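The values are calculated or read from the model by the stated rules, or taken from the named source; none is laboratory data. Predicted model only: the values in this text are computed from it and were never measured. Note: ideal-geometry Cβ built from the backbone for every residue, glycine included; neighbour counts use all protein chains shown. Side chains included, ligands, DNA and RNA excluded: accessible areas come from the protein's heavy atoms. Shrake-Rupley method; radii C 1.70, N 1.55, O 1.52, S 1.80 Å.
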Amino acid sequence: MHIDYQLLRFEYQRSPDQSAAQVAHHPVVVVGAGPVGLATAIDLAQSGLRVLLLDDDRCLSHGSRAICFAKRTLEIFDRLGCGDRMVEKGVTWNLGRVFHRDEPVYSFDLLPEGGHHRPAFINLQQYYVEGFLLDRARSLPNIEIRWGNKVAALDAREDGVELTVETPEGDYRILADYVVAADGARSPIRRAMGLESKGRTFRDRFLIADVRMKADFPAERWFWFDPPFHPNQSVLLHSQPDGVWRIDFQLGWDADPEEEKRPERVIPRVRALLGRDAEFELEWVSVYTFSCLRMERFRHGRVIFAGDAAHGVSPFGARGANSGIQDAENLAWKLALVLRGAAPDSLLDSYDAERVAAADENILNSTRSTDFITPKNESSRAFRDAVLELAKDCAFARRMVNSGRLSLPSTYRASPLNTPDSDVFDAPMVPGAPALDAPLGDDWLLRRLGGGFTLLHFGASAPTMPETVPAIRVVNLSTEEDAGGVAAARYDARPGTTYLLRPDQHVCARWRRFDPQDVRAALDRATGRA
Amino acid sequence: MLNTETNIAAPDEFYEALLAIHQDLTPDQARAVDARLILLLSNHIGDMAVLRQAMARARQGIEPAGHDATIAARA
Ligand SMILES: Cc1cc2nc3c(=O)[nH]c(=O)nc-3n(C[C@H](O)[C@H](O)[C@H](O)COP(=O)(O)OP(=O)(O)OC[C@H]3O[C@@H](n4cnc5c(N)ncnc54)[C@H](O)[C@@H]3O)c2cc1C
């Protein structure tokens, strides 16, 4: 059955909290049912917590927003129980092509090696992503979603956060141990707390035309610099499900956004790309500008910011929603441990340290791409054009062509949760790195890891865990199971090699041989108890 | 280390060739040639530390009198 997730409307329902004699208490309240809030709520609920999710709206996102979802995000969606639906519906792609004027200059394969369950990217409209996350959230009995519930004020105290929630039937109050502010780029919570997200806005405007048509472009990312059909500017083309194509035209700073949105202006631009006789329908048109910015800190006591509320980047690189989903997964396990009393509150500071560093990495990449796509002065334009011209026959210049460095997960190299290596390894799986997938017969390594701390051991049989080590999952890989040796190669493993993985599947320690004392110490460190 | 001692055997010949590739060009065309040249040479050198030293020396003594076309953003 086809569901138009853009048209779904959710009922506002009165909750007993609204007439409770005493202000109702919730361990964790997530504000905002965008992709980041939904992912956070699911992750928290999967670890057994009771979660309240509030959204001021009564529908999912509509129109053109995120479309490119990266491999790591899909792996997270797998853990959240909705990866298959995303990949089935999405358009899978790995290849990007760059053109200068009418000549191809460069193409890149974002997943040059096999042996990964998930592709480099899928394209899928944000309303599907939110819809599938929502379906998953609704299947979890311990998530309560309240639509038409707008957080209007909050009082963040030492012992809890009191939220004032606005509804069609008036205001009510609730008390939360922790609040996750996933309330989007304009974050009313950020504003209410007198906080800011700071950075730079680029002087450029972009037109998005999502068009429905039958076309035989391959499922690849095509990017043109200065094409004959749109001189002096850039154009990006992407394929989406349901026969929809995203065309993103750079317009320049002087363009009038209202004027440019009119079909009389848009249709000729699209025709110039597709050809005079092309048959298409405009599905959605918008004009946007963007900023690269972030909050100074993402954690403010019991209020923790995630996703667009905490940081913003340009769309080139698809780092907005993708990085927000990584915020969600970084935060969820820590919050769950703290709320269960299994880790000190200070563990949440590591969310701040790790995700602020990740935001900086995303902003750096995004700013560099933007500086290439939108040269800020004559000399940057001269260098940009020189790179594109040289790229025709000079390999080095192709590597400098920057039409967006597409989202990759961050490695938390400097994380306080890492146990530094004491043994010698030459695999890239350093402490802080997200675990790499590998094929295991019909199964995949990441699917085997689960969602708690996991000990990944390479050897004939699993080591026995003494009772002094808290119960954690052990995944043993024998050479029979890792028949192709891909996992062993990716993890530079020999018999006895042991990795400790966090619930978000990032490495926190690794050794050449299993020693329960080491594991215990590393676990303490990774849970903020050392 | 950036080598600032004489490294080109025939300096006059080099200088003449450098001017020759700019002959009859408009300022924009000349800038395009320079940009390509800088990129080609930089890649040939490859060593980031040397490149940074060269960039710093090139920039030395020039006080910025232009402006950046981005806007400080707050949200
Ligand atoms: C043109 C464009 C293209 C993009 N392409 C990509 C891409 O390809 N890949 C990618 O990864 N990202 C992309 N992005 C970015 C992506 O859309 C965002 O990063 C993403 O939506 C952020 O999710 P979020 O959950 O943090 O915030 P949002 O999606 O903005 O969700 C915030 C939610 O909070 C709710 N809310 C707000 N205030 C309150 C309140 N007071 N009380 C209760 N609820 C509240 C809102 O109703 C909303 O539902 C793109 C963005 C644009 C504009």
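Between B:His22 and A:Ala152, what's the calculated FRET efficiency when r is the beta-carbon distance and R0 is 56 Å? Round to 0.05. Spell out each step's value before the answer.
Details: r = 65 Å, r/R0 = 1.16.
About 0.30, to the nearest 0.05.
Between A:Val430, A:Ala342, A:Phe383, the Cα set farthest toward the positive side of the dipole of the range A:331-441 (charges on each charged residue's Cβ, about the Cα centre) is that of A:Phe383. Taking θ as phi - 60° and the Karplus parameters 6.51, -1.76 and 1.60, the scalar couplings of the range A:151-164 work out to 6, 9, 7, 8, 10, 8, 10, 4, 9, x, 10, 9, 10, 9 Hz in sequence order, x denoting glycine and proline.
Bridgeable lysines around A:Lys214 (alpha carbons under 19 Å apart, same-chain partners fewer than 8 residues away excluded): A:Lys89.
Exactly which trypsin sites (Lys or Arg not before Pro) in the range A:299-373 are in a DSSP loop and have at most 16 other Cβ atoms within 10 Å? Don't skip to the answer; put the middle values down first.
Details: sites: A:Arg299, A:Arg302, A:Arg319, A:Lys334, A:Arg340, A:Arg355, A:Arg368; in loops: A:Arg302, A:Arg319, A:Arg340.
Loop-located and lightly packed - A:Arg340.
Along the Cα-to-Cβ line of A:Thr464, 7 Å from the Cα, sits a label point; which residues in the range A:498-530 have backbone N less than 19 Å from it? Counting backbone N atoms under 19 Å from the label point, the list is A:514-520. Simple point charges give the picture: +1 on the Cβ of Lys and Arg, -1 on the Cβ of Asp and Glu, and for the protein assembly as shown a dipole about the Cα centre of about 700 debye. Between the listed residues B:Asn43, B:Ala73, B:Met1, the Cα displaced farthest toward the positive end of the dipole of chain B, a dipole computed from Cβ unit charges relative to the Cα centre, is found at B:Ala73.
Here A:Lys376 is the anchor, and the lysines within straight C-alpha reach of less than 29 Å, apart from those fewer than 8 places off in the same chain, are A:Lys198, A:Lys261, A:Lys392.
Once the chain from A:Cys59 to A:Asp442 is taken as fully extended at 0.36 nm per residue, the excess over their C-alpha distance is 134.0 nm.
With θ taken as phi - 60° and the Karplus curve 6.51 cos²θ - 1.76 cosθ + 1.60 applied, the whole-hertz 3J(HN,Hα) list for the range A:127-139 is 5, 5, 4, 5, x, 5, 5, 4, 4, 5, 4, 5, 7 Hz, x standing for glycine and proline. At a Förster distance of 30 Å, what's the computed FRET efficiency of A:Phe229 paired with B:Ala72, Cβ-Cβ distance as r, to 0.05? So, using R0 = 30 Å, E works out to roughly 0.30. Less than 5 angstrom separates the built amide H of A:Val30 from those of A:Leu52, A:Leu53, A:Leu54, A:Val180, all sequence-distant by 5 or more or on a different chain.
Hey, can you list the DSSP H helices of chain B whose Cα span along the axis is 24 Å or longer and whose average Kyte-Doolittle score is at least -0.5?
TM-like helix candidates: B:27-45.
Report, to the nearest whole %, how much of the accessible area of the range A:142-200 belongs to carbon and sulfur atoms, 1.4 Å probe, protein only. It is 43 percent, rounded to a whole number. Using a 1.4 Å probe over protein heavy atoms, the accessible area lost on pairing A with B, summed over both chains, comes to approximately 1900 Å². Evaluating 6.51 cos²θ - 1.76 cosθ + 1.60 at θ = phi - 60° for every residue in the range A:112-125, the Karplus couplings come out as x, 10, x, x, 10, 5, 9, x, 4, 8, 10, 9, 7, 4 Hz, glycine and proline recorded as x. Bridging of A:Lys334 to lysines at a Cα separation below 19 Å is possible for none of them, once same-chain residues fewer than 8 apart are set aside. Counting only Cβ charges, +1 for Lys and Arg and -1 for Asp and Glu, the dipole size of the range B:11-60 around its Cα centre is about 400 debye. Spin-label pair A:Thr92-A:Ser380: with each label point 7 Å from Cα along the Cα-Cβ axis, the two points sit 3.8 nm from one another. For the range A:398-496, carbon and sulfur atoms together expose 54% of the accessible surface, with a 1.4 angstrom probe and every protein chain in place.
With an a/c value of 1.5 or above and a/b larger than b/c for the gyration tensor axes a ≥ b ≥ c computed over the alpha-carbon atoms, the range A:439-526 is described as prolate.
If the only charges are +1 at each Lys and Arg Cβ and -1 at each Asp and Glu Cβ, what is the size of the charge dipole of the range A:1-143 around the Cα centre, to the nearest 20 debye? Mind dumping the intermediate values first?
On the way: 15 positive and 17 negative charges, 31 e Å.
Value, rounded to 20: 140 debye.
Residues of the range B:26-75 whose accessible area, computed with a 1.4 Å probe over protein heavy atoms, drops by at least 40 Å² once all protein chains are present relative to their chain alone are B:Arg31, B:Ala35, B:Arg36, B:Leu39, B:Leu40, B:Asn43, B:Ala69, B:Thr70, B:Ile71, B:Ala73, B:Arg74, B:Ala75.
Placing unit charges on the Cβ atoms of the charged side chains and taking the dipole of the range A:206-289 about its Cα centre, the candidate lying farthest along the positive direction among A:Val266, A:His230, A:Gly252 is A:His230. Remark: the protein assembly as shown carries 46 Å² of accessible area per residue (probe radius 1.4 Å; ligands, DNA and RNA excluded). Cα centroid separation, the range A:182-219 to the range B:30-73: 31 Å.
Chymotrypsin sites (Phe, Trp or Tyr not before Pro) within the range A:1-33: which are DSSP loop residues with at most 14 other Cβ atoms inside 10 Å?
Here the chymotrypsin sites (Phe, Trp or Tyr not before Pro) that fit, given the DSSP loop and packing criteria, are A:Tyr12.
Of the trypsin sites (Lys or Arg not before Pro) in the range A:372-460, the ones in a loop by DSSP (not H, G, I, E or B) with at most 14 other beta carbons within 10 Å are A:Lys392, A:Arg399, A:Arg413. Using heavy atoms of the protein chains and a probe of 1.4 Å, the accessible area assigned to A:Thr374 is about 20 Å².
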